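The values are calculated or read from the model by the stated rules, or taken from the named source; none is laboratory data. What you see is a predicted model, and the numbers here were worked out from it, not measured in a lab. Please note: Cβ atoms are built from the backbone with ideal geometry, for glycine as well, and neighbour counts cover all protein chains shown.
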Amino acid sequence: MQGVEVVAQMMEIAAVTAPKTRGENYVQVKTLLGDEVRKLGEQMVAYGEEHHRSNFDRDGKNVIHSQAVVLIGVKDAKPAGLNCSACGYATCAELEEATPAEEEFKGPICAYRLLDMGIALGSAVKMAGLFNVDNRIMYRIGAVARANGWVDWDFVMGIPLSVSGKNIYFDR
């Protein structure tokens with residue numbers, strides 16, 4: 001459906017223009033359409049089976065039946081320099097020196113940069129809602145998108161989009 005692609009573009013705009021800590025933008029956006037969406041959904045089902053993780057199959061089937069997926073994440077986000085300790089380290093310098101852990105996502109990440117990503121996600125889904133496009137923020141999309149090389153971001157969430165007579169993301 002052509003209108004969904006336009007809404008996805010509007011969601012990207014909303015995410016990029018959402019307020020950011022100190023005006024520094026580390027938020028990344030990307031939209032998947034058509035065969036990319038189907039392939040990602042299939043990868044999600046396979047990931048759940050391979051890693052014995054529940055609900056990747058359920059969410060993957062939702063993605064397969066979606067018209068688009070908007071990915072929103074952060075990459076190479078520098079600490080905000082506030083020494084707030086919300087990341088678990090006493091200072092931003094300690095956070096920067098920390099050895100990165102990398103499983104489904106790469107961290108640690110400055111809490112303010114994650115808040116920026118959260119605000120961007122909220123702005124994006126608000127935009128979809130304004131156009132009555134069904135959507136849901138899904139962490140599992142981000143984990144699989146990252147694992148399969150759709151993006152190389154440190155932390156990412158996915159928002160599938162659907163236009164049908166029933167919201168496929170909540171009535172399941």
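Observations, loosely collected:
- Exactly one residue out of Ala98, Ala90 is free of Cβ contacts under 8 Å to residues at least 24 places away in the same chain, touching a Gly at 6+ places or on another chain (Cβ under 9 Å) and over 25 Å from Met44 (Cβ atoms), and it is Ala98.
- Complete set of residues in region 52-90 that are among the hydroxyl-bearing types (Ser, Thr, Tyr) and surrounded by fewer than 18 Cβ atoms within 10 Å (Cβ to Cβ): Ser54, Ser85
- The number of residues in region 120-172 being out of contact with any strand residue (DSSP E or B) (no Cβ under 9 Å at 6 or more places or on another chain) and at pLDDT 95 or above comes to 11.
- If you go through region 106-118 and pick out every residue that is surrounded by fewer than 21 Cβ atoms within 10 Å (Cβ to Cβ) and either at positive phi or touching a Gly at 6+ places or on another chain (Cβ under 7 Å) (or both), you end up with 1.
- Selection of region 119-150 for residues being surrounded by fewer than 19 Cβ atoms within 10 Å (Cβ to Cβ), touching a helix residue (DSSP H, G or I) at 6+ places or on another chain (Cβ under 6 Å) and either at positive phi or not polar (S, T, N, Q) (or both) yields Phe131, Ile137.
- Selection status of Leu71, more than 23 Å from Asn132 (Cβ to Cβ) and touching a residue at least 12 places away in the same chain (Cβ under 8 Å): no
- For region 62-69, the condition holds for at least one residue, the condition being that it is at pLDDT 95 or above, hydrophobic (A, V, I, L, M, F, W, C) and in a strand (DSSP E or B).
- Odd one out for Thr99, checked against (1) touching a strand residue (DSSP E or B) at 6+ places or on another chain (Cβ under 6 Å); (2) modelled with pLDDT under 95: (1)
- Set Leu40, Leu115: member being under 30 Å from Val4 (Cβ atoms), in contact with a strand residue (DSSP E or B) (Cβ under 8 Å, 6 or more places away or on another chain) and either at pLDDT below 95 or part of a helix (DSSP H, G or I) (or both): Leu40
- Restricting Glu49, Glu12 to those that are modelled with pLDDT of 95 or more, in a helix (DSSP H, G or I), surrounded by 15 or more Cβ atoms within 10 Å (Cβ to Cβ) and not hydroxyl-bearing (Ser, Thr, Tyr) reduces the list to Glu12.
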